[in-house]
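Just below is one structure, and these are the notes that go with it.
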């Protein structure tokens, strides 16, 4: 049975200039015309221009002002309109997080160091952003009385197990990225049970869709490489599996979690947010190749060595999200790929 939703009026979205963040802002502005949205982003991936595509903004009145001791307030330099404000800053900076969380009633924490590869190359940097970052944001929520906190996690904490992945499996992460996301889930649980912050951790599947031009995950990467005439490298034999979730389905899960009534007993919980369908990378390439060919673009592939830290099979059991959140993914991979390719070709 679905959950009755309440209207959320004042949002803070970390990493809001990125792919998921800008898509979420677009949906909020469509669904909640009176919503106020603040974005905290260090602009390392997403840009001001990406945010401008979904929100009209003007230079903030306070942009560039100095603090009482004469220092330039660079972390507050941003732009705002009546509904959307950009705060340029980093989640590793506790003071910036504390200021950004003032006056909001829900935080969606998307800012992260993403991907297995970068975490293996520099596990310390991965920890600084993903662990210190969420701790800073949870502290900001606690000290500002923010009632709702949505954390974007991943299936990576579970590690190499026989799928489908579900929430009762013991976590044994393979990569530093998985370990950092597991730490985030643990802090979410602790901040609800110790301080009453209503936290929900959503383990995203492999997200793809229109707007993913700056994303480095496999769907966006392969489309960009094909359009540029480059060969797409598959790590290993291509039989590794993933659960690919279309962006619009994912946004529905975030909005469900953000709008739950406080009386619902789900806080501190983890939910798998994916499609419950398993696709190999070879299947993905076949679907992508067919769609690109219909648009006059060829997709060439080559196979390389398996990547350290990658799991072989990964897809989710989303029955808990269906039962408690009243959410399930609706779109097919074929339809999602069609819409994503069309977006890339129309840029």
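Nothing in this text is a laboratory measurement; each read-out follows from the coordinates by a stated rule. For clarity, every value in this text was computed on a predicted model and none was experimentally measured. Heads up, the Cβs are rebuilt from the backbone with ideal geometry, glycines too, and the neighbour counts pull from every protein chain shown.
Using only the Cα atoms of the chain, each taken as one equal point scatterer with no solvent, compute I(q) by the Debye sum, divide by I(0), and report log10 of the ratio at q = 0.07, 0.11, 0.12 Å⁻¹.
Here the Debye-derived log intensity ratios amount to -0.28, -0.72, -0.86.
Indicate the gyration tensor shape class of the stretch 212-261 (rounded, prolate or oblate), computed on the Cα atoms with a ≥ b ≥ c the square roots of the eigenvalues: a/c under 1.5 is rounded; otherwise a/b larger than b/c is prolate and the rest oblate.
oblate
Just for the chain, what percent of DSSP beta bridges are antiparallel, to the closest 5?
Percentage antiparallel, nearest 5: 15.
Using a Gaussian network for the chain with springs between C-alpha atoms less than 10 Å apart, which of these wobbles most: 88, 146, 45?
45
If the convex hull of the alpha-carbon atoms of the stretch 192-347 is projected onto planes in all directions, what is the mean projected area in square nanometres?
Mean orientational projected area (the stretch 192-347, Cα hull): 10.4 nm².
With springs connecting C-alpha atoms under 10 Å apart, model the chain as a Gaussian network and identify which of 293, 224, 215 has the largest mean-square fluctuation.
293
Over the stretch 173-330, calculate the relative contact order: mean separation of alpha carbon pairs under 8 Å at least 6 apart, over the residue count, as a percent.
Relative CO of the stretch 173-330 lands at 33 percent.
Please give the helix 133-144 orientation as an angle from the longest Cα principal axis of the chain, in degrees from 0 to 90, rounded to the nearest 10.
With both axes taken from Cα atoms, the answer is about 30 degrees.
No solvent, one uniform scatterer per C-alpha: report log10 I(q)/I(0) for the stretch 99-154 via the Debye equation at q = 0.23, 0.25, 0.27 1/Å, two decimals.
Results for the stretch 99-154 at q = 0.23, 0.25, 0.27 Å⁻¹ read -0.85, -0.93, -1.03.
If neighbour count is taken as other Cβ atoms inside 10 Å, put 324, 247 in order from fewest to most.
Fewest-to-most Cβ neighbours within 10 Å comes out as 324, 247.
Over the chain, what is the relative contact order in whole percent, taking alpha-carbon pairs under 8 Å and six or more residues apart?
Contact order relative to length: 18 percent.
Between the helical axis of 281-294 and the dominant principal axis of the chain, each derived from Cα atoms, what acute angle in degrees is found, rounded to the nearest 10?
Computed tilt is about 90 degrees.
Could you tell me the distance between the Cα centroids of the stretch 190-204 and the stretch 95-138, to the nearest Å?
So the separation of the two Cα centres works out to 15 Å.
By how many degrees, 0 to 90 and rounded to 10, does the Cα axis of helix 19-31 deviate from the longest principal axis of the chain?
60
Relative contact order for the stretch 227-314: what percent, with Cα pairs under 8 Å and sequence separation of 6 or more?
Worked out over the stretch 227-314, it gives 59 percent.
Over 17 Å apart: what share of the alpha carbon pairs of the stretch 166-273 falls there, rounded to a whole percent?
Cα-Cα pairs in the stretch 166-273 separated by more than 17 Å: 66 percent.
Cα-based Rg of the stretch 132-228 per 2.2 N^0.38 Å, rounded to two decimals?
1.29
Would you mind telling me which residue in 184, 16, 309 has the biggest mean-square fluctuation in a Gaussian network model of the chain, where springs connect alpha carbons within a distance under 10 angstrom?
Judging by the Gaussian network model, the answer is 309.
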